[in-house]
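The structure appears right after this line, and notes come after that.
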Amino acid sequence: MAVALTVILLIYLANVQMTGQFKEYLVVQQMEMSQSGIQGHINDGTSTMTVVMGPLEETFLASVHNSLIWVGLAILAVGLAASYALARSITVPLRNLSKAAEQIAQGNFEQTVPIETKDEVGHLAAIFNRMAEVLATNTKLRRQLLANIAHELRTPLAVIQGHLEGMIDGVIEPSKDQLSSLHEEAIRLNRLIKELRDLSLAEVRQLALEKGPTDINQLISRVVNMLRPIADEKNIHLGCFLAEEIPDVTVDNDRMNQVFYNILVNAIRYSPVYSEVQVTTSLEETGQWLIVSIRDNGPGIAAEDVLYVFDHFYRGDKSRDRKSGGSGLGLAIVKQLVEIHGGQVAVNSEVGKGSIFEVRIPLDKEGRYSV
Ligand code: ADP
């Protein structure tokens, strides 16, 4: 509309201007002719002179008017086509985006919009697609997590329920053994719920930490001593190689204890009898990190599984009897606890050779990590 109005106005002004200029030209011509006896009449404010146009001049003026109108119409057509194309290149993608956004608002996260251009609109569409993808993945993960939690809780509860019903019906004799197995299930259930709670709080960075200066070597020695009896049962030698003069780190003692406990329990659990598990502490060359590595000679972890060991409920051996292993939350908790301390955890493993878990705890300039 604006384009059409502008073009029409321009044509009108050009026409008026053109007529005026042409008349002025004629006046000059006629003045020259009047000096040689030809009559004329001009109105220039002081004197009046009539402009007499012959058929030739009129035809010329009409044809110039015509050309101007045609040129104007051509400009109008091109302008309209260009502005329509421009408007379409913006409005169509925006309409697609708003439709997709509406779908997302209704909970349908599997939305993508076509990216047709490389300009700002295309950039916006690409960002939108990425956002929709992240939302869809998160929703899927949340659903999967809920299903896993329900599944994990159901098993111990079903065992407890079955035994209690058996006892009520008189099918199972309420012996001490029966009761202690029920007690064990209840403890497992309680532990699982506590782990889940800690994990979800750590993931949203809401887990309260009681930080204080901690000697990591001492902490490691305590965990190792605590686990020595279960290592001895499998004749596994627990070796400690602790670097001297390691500065204190400011961490939550209990949480860090849990980190090394979970990693060491796995190392012992997955190691063969008569093998060795080594715990080493060291300072990284740049002085930024304190490194604790735990090496075992277990079966190792396949390259395709390494990506998932820190995920919730990931278990290498899916068919494993739950009593022989953990909940599949151990390493997920390790990762979260290390990360809320500003640290990092990684695993290096080779099938058939063993695994090395490495925890990095940041040190500050004075050799002590602070928030
Ligand atoms: P789980 O309770 O099953 O041990 P984790 O989260 O602690 O759960 O470990 C997840 C999986 O990682 C285990 O099921 C196992 O397959 C693998 N894994 C962990 N530590 C080791 C290890 N030291 N050696 C081999 N595999 C391991």
Env charge @ Glu339, Cβ radius under 15 Å, K,R +1 / D,E -1, value 0
Here the alpha-carbon Rg of segment 120-203 over 2.2 N^0.38 Å rounds to 1.84
Low-density loop trypsin sites (Lys or Arg not before Pro), segment 76-130, at most 13 other Cβ within 10 Å, DSSP non-H/G/I/E/B, are Lys118
Among GluC sites (Glu not before Pro) in segment 98-138, those in a DSSP loop whose Cβ has at most 14 other Cβ atoms within 10 Å are Glu110, Glu116
Of 215-227, 195-207, 288-300, ordering from highest average Cβ density within 10 Å down gives 288-300, 215-227, 195-207
The alpha-carbon center of segment 13-37 and that of segment 97-156 are separated, in whole Å, by 73 Å
Percent antiparallel among DSSP beta bridges confined to the chain, rounded to 5, stands at 75 percent
Rounded to whole angstrom, the alpha-carbon centroid of segment 266-313 lies from that of segment 324-349 at a distance of 10 Å
Length gained, Leu201-Asn225, 0.36 nm per residue minus C-alpha separation, equals 5.7 nm
Note to self, the chain gives a 222 nm [θ] from helices alone (DSSP H runs n ≥ 4, -39500 (n - 2.57) apiece, / all residues, nearest 500) of -20500 deg cm²/dmol
Averaged over all viewing directions, the convex hull of the alpha carbons in the chain casts a projected area in nm² of 38.8 nm²
Cα convex hull volume per residue for segment 223-321, in Å³, equals 143 Å³
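We did not get these values from a lab; they are worked out from the coordinates using the rules stated. From a predicted model like this one, the values you see are computed outputs, not experimental measurements. Note that each Cβ is placed from the backbone with ideal geometry, even for glycine, and that neighbours are counted across all protein chains shown.
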